1. What is the angle, in °, between the Cα long axis of helix B:572-596 and the longest principal axis of the Cα atoms in chain B? Nearest 10 is fine, range 0 to 90.
2. Counting helices only, and only those DSSP H runs with n ≥ 4, report the 222 nm mean residue ellipticity of chain B as the sum of -39,500 (n - 2.57) divided by its residues, in deg cm²/dmol to the nearest 500.
3. Put a dot 7 Å past each Cα toward the Cβ at residue B:536 and residue B:492; how far apart are the dots in nm?
4. Using only Cα atoms, locate the centre of segment B:426-442 and the centre of segment B:127-204, then give the distance between them in Å, rounded to an integer.
5. What's the angle, to the nearest 10 degrees (0 to 90), between helix B:150-172's Cα axis and the longest principal axis of chain B?
6. If one computes the Cα centroid of segment A:64-132 and of segment B:686-746, what distance in Å separates the two points?
7. Regarding chain B, what whole-number volume in Å³ per residue does the convex hull of its Cα atoms give?
8. State the Kirkwood hydrodynamic radius of segment B:501-556 in Å, one decimal place, computed from all pairs of distinct Cα atoms.
């Protein structure tokens, strides 16, 4: 057996143990090349990031990315015009926006405020009492920035101003509709816009 | 002489030297323990994979959590059982079988001690049973693949020492002077697993089955993934490579391709693997230099890993025709191919930008199953199909069934991996997708889960096929065993003659190869540890030494005398010492700096308040239920993560987390900044019935928390323990813990009552809500610096 195996060996035979023969073929050239390239890449990468700071580390890259996004956002908001009482009231009378808002409301708000706005985990949005203000701009602010500690998440970062405005427009249409079976009033009575 | 009836086996066992040359020793191998380990591996393989199929179903179809029956079968408790069973019971027992069987033959000695062999076997099985009982009961340290509580950890250490004594004792009485490459890998395994297990399991015991890691926050993250990654390296890779080096040439009846490739890839693999741990923590709050090292070494690791695959596949290459007819060869060839695929995918995933997409998603799940099912599983099956007939002196009962198993397994893996690649990449892309205005396309996490849920069913199917395969194998091998009877293998081997004029060990230790390599490593470490001017100098010197050293060493090849490495192979102890040094360098270089000085963010004065006593109890419930298996607490520095989850996580956020809970997979959303986001009632409703709050959620229900209570009197022991590992609880905090908890619990219970829910102030529900409401709020900025963890103001316009 041993001799037969040696005869079929493809390279110089070195040792034999328990019937296993070890050949001593050269390392495949492509393998050695790959190893050298990987080591070279590793050294270059470490130098570029951790020694010479040629490339941005993730935290620096993140800050730059944020700055760019911030500038873009400011530009966009400026183009959209001010988000004030009048603008929001106008949107609440636009049926397409309100329909969009209803869509957003169903997927993100209905969990706590009920599908009809009657409230559950969160307060009733169809009565006349408001915990964080019932004026259009207050509603927008509450959705956009949330109320930390009161359990209202800030939806602005996820939804963006367009969807937040639509949701606010829809909520404006809910005010005072007093749906049946709604949660008892919470917060201060709302006097009107 | 060999008593195996198989003619091939007999000829392979034949000793080339003539018996008249020298004194012969008659030895009988201890194969009983090998047979036992194989049986245990098959039984626990079926158990581990069955639990795997169950947890896969749970992710696709939440009623499989059987939440109404109690907490024992929920995903968070069963997933650790699945991973532990597959790694330590299935692969572990297979490894011990392979190591014991091949080592005796490779060193021509019976195992050192029958008593230790049996103790090893029964001790290990007792540990597995303890794991199978304690994990569903909720006893866990909350660290992945190291969940088992401290008494079991001590038992693991003791049994591992038994293994080591038995193994090295066998080497000590060997009749084969030179250690074959398989033995090198076994040595690396035994030494490294011991080091990893002991360091990562260091904990302060609180109760009989409760402890806290001595490491906290980023330190714990670093230690845990140094362990976690190298459990893959030294429990699932090196021993299986050693086994490959014995059984593949045996089954292929071909010589091993390249001895020098064995040397190069063994040393580069064991040295480099240990550095790669931080690739599990890319883009986290871990200091960036450690992340960079983790990534760089993972990329360099690719060729050394492939060295093993090349040596295996090129060994088979001379005998491809056997691949058609022999199921064993099919399993080996496919196993090696999966090894090559996984070890290419691993470095790819370690690239920072690829990790950004893949981390926390099912892509990683696909990757690890390529390794576990494809490499470990197929290699194990190959070994069993080859070994069991030989251990019982018969032919395999059904070759057809083995062929069917091969196809079930490979197609099962293919279905598994393709579905999880799709789910992982798909969800990763959805989570970062943005609308033209920069807002998130998928504003809620559950939308992305619903999109990939069909693939969870597909994965369940793939897993089921793989499970069917191992059941088929077990039937086949039981039938094989029944047809034969245990073979007692006795061989006559020449006694080892003491070599005269042996090269002294000092001359081997202080030889050119070691001196050159250690000089290069020392210079490389100086490069990293100094500033860029000095570092550049050290780097240039290191490169020069490496190149010149390489030239010097390559010149030594042709003088006809045994090479330095050949001499080293005759020195078991020195070989072990050098291996130990090789695996310690990376760990020390990466971990010690963070232990000496806890990493902090530069330029920020922060104060971190520890958890209040009730929150601490809530956190222990979070650990017990295994919430970390699906929820991360680490918001990475990407805009889409900040938008979705809140301000990016900093080191301070988790400074007092023993153990850290950064997580490794997001089946649900990140909850690092969950505190204050939703009202208490939201959490109550969500824990009682996740679907009531998030339609389509696959989270188990935790209704029982409302009726089970926390023993507030016990919190003080936990606080005292934590204060010993650096959490700043004062004596007054500890003394007032009951009062403090009652007060906080009462406030939450009253709030819930006002909203129509009656729940006791000392219930586990209230404690868990208290914890969740504190998440992301431990840090108090004294003087906010440039990197303060405030939400980017532009995000709220």
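1. 20
2. After summing the helix terms and dividing by residue count, I get -20000 deg cm²/dmol.
3. Going by the 7 Å Cα→Cβ label model, 7.1 nm.
4. Using only Cα atoms, the two centres lie 44 Å from each other.
5. Helix B:150-172 sits at roughly 10 degrees to that axis.
6. Rounded to whole Å, the Cα centres lie 36 Å apart.
7. Measuring per residue, one finds 171 Å³ for the Cα hull of chain B.
8. Taking every pair of different Cα atoms in segment B:501-556, averaging 1/r and inverting gives 12.3 Å.
Bear in mind these aren't lab numbers, they're just calculated from the coordinates by the rules spelled out. Everything numeric here is computed off the predicted structure, so don't read it as measured data. Reconstructed Cβ throughout: ideal geometry from the backbone, glycine too, with neighbour counts over all protein chains shown.
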